[in-house]
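I am attaching a structure below and will ask some questions about it afterwards.
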Amino acid sequence: MKVKFDSLNRFEVPDFLLCNPGCVYKDGTLTNVIGCLSNTTDEELIMNFNTTSELNFRIYLVDREDPDERTYVKNVYNSIKNRRLIFIEDIGFFVITNVKVGYDSGVHYKDVQAESCEYELGNRVMPYIEDGTYKFIDLLERIVSSLPIWKIGDVNGDIAEKYRTFEDINSDQ
């Protein structure tokens, strides 16, 4: 993960891009983008390397003077819904799992909770894998086959050629 700082050595909050499901990031290009989220506060990113990571923030609907900009900001704000994706460059995709709407001091806001894309695995029926030894890349392809939107990119050859063994555990002992 790359953490960027400005000229005064202050942490820069990366852009949050709201996307439709099925969005793809390849060669620096992102597809199915709805827009860039602006006026966010309380950004919190909890990176977990053995489970899903979490992204939490609040976004305000701030009125703009320019009519085109006002329409754009309002459309993006209204598009923040469960199951949509948020992309953060150099970090990855997050699935919106909870949106709470609020109103404070004359300004509408949404509290957004999102989880890294592994969250989608918990909502799918995975293929049954029988006892045996399998090449890692073959296992990965079986799992991804049950996720129609997911694709496998480049897999390091050293990892792809490793083997994994599954063995049923006898619970009678």
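The values are calculated or read from the model by the stated rules, or taken from the named source; none is laboratory data. All values reported here derive from a predicted model rather than from experimental measurement. Methodologically, a virtual Cβ is constructed for each residue, glycine included, from the backbone with ideal geometry; neighbour enumeration extends over all protein chains shown. These accessible areas exclude ligands, DNA and RNA; they are computed on the full protein's heavy atoms, side chains included. Shrake-Rupley method; radii C 1.70, N 1.55, O 1.52, S 1.80 Å.
Using Cα centres only, tell me the gap between region 121-139 and region 26-86 in whole Å.
When both Cα centres are located, 33 Å separates them.
Full-extension gain between Glu89 and Lys151, please, as 0.36 nm times their residue separation minus the C-alpha to C-alpha distance.
20.5 nm
Would you mind classifying region 18-109 by shape? Square roots of the alpha carbon gyration tensor eigenvalues, ordered a ≥ b ≥ c; an a/c under 1.5 is rounded, otherwise it is prolate if a/b is larger than b/c and oblate if not.
It is oblate, given that a/c is not under 1.5 and a/b is not larger than b/c.
Could you rank the peptides 127-133, 67-73 by their average count of other C-beta atoms within 10 Å per residue, with the highest value first?
67-73, 127-133
Could you work out what % of the accessible surface of region 113-173 is carbon and sulfur, using a 1.4 angstrom probe and leaving DNA, RNA and ligands out of the count?
Here carbon and sulfur together make up 49 percent of the probe-accessible area.
Cα-based count: Lys pairs in the chain below 14 Å, eight or more positions apart or different chains?
So the count of such lysine pairs works out to 6.
Continuing with the same structure: When the gyration tensor of the chain is built from Cα positions, what are the square roots of 5 times its three eigenvalues, in whole Å, from largest to smallest?
Working through the eigenvalues yields semi-axes of 38, 18, 16 Å.
Moving to a separate point now. Mind giving me the nanometre distance, one decimal, between the label points for Thr71 and Lys100, set 7 Å out from Cα along Cα→Cβ?
Label at Thr71, label at Lys100, 3.4 nm between them.
Another question about this same structure. What's the FRET efficiency of Ser79 with Glu118 using the Cβ-Cβ distance as r and R₀ = 22 Å, to the nearest 0.05?
E between Ser79 and Glu118, to the nearest 0.05, is 0.40.
Shifting gears a bit: So for region 15-165, averaging the separation of alpha carbon pairs under 8 Å that are six or more residues apart and normalising by length, what relative contact order in percent results?
Contact order relative to length: 19 percent.
Roughly how big is the chain's charge dipole about its Cα centre, with Cβ charges of +1 (Lys, Arg) and -1 (Asp, Glu), in debye to the nearest 20?
Using Cβ point charges on Lys, Arg, Asp and Glu, the chain gives about 480 debye.
Would you mind classifying region 113-160 by shape? Square roots of the alpha carbon gyration tensor eigenvalues, ordered a ≥ b ≥ c; an a/c under 1.5 is rounded, otherwise it is prolate if a/b is larger than b/c and oblate if not.
oblate
Mind listing the phi-derived Karplus ³J(HN,Hα) values for region 124-140, rounded to whole Hz, using 6.51, -1.76 and 1.60 with θ = phi - 60°, and x for any glycine or proline?
10, 8, 8, x, 6, 10, 6, 3, x, 10, 10, 6, 4, 4, 5, 4, 4
Right, here's the next one. Under a crude label model (7 Å from the Cα following the beta-carbon direction), how far is Asn50 from Cys36 in nanometres?
It works out to 3.8 nm between the two label points.
Here is a follow-up. Between Thr29 and Glu141, what length in nm is gained on full extension when 0.36 nm per residue of separation is reduced by their alpha carbon distance?
Gain on extension, Thr29 to Glu141, equals 37.9 nm.
Probe 1.4 Å, all protein chains in place: accessible area of Val125 in Å², nearest 10?
130
Rounded to the nearest 0.05, what FRET efficiency is calculated for Thr165 and Met126 with R0 set to 30 Å and r the Cβ-Cβ distance?
Rounded to the nearest 0.05, the efficiency is 0.95.
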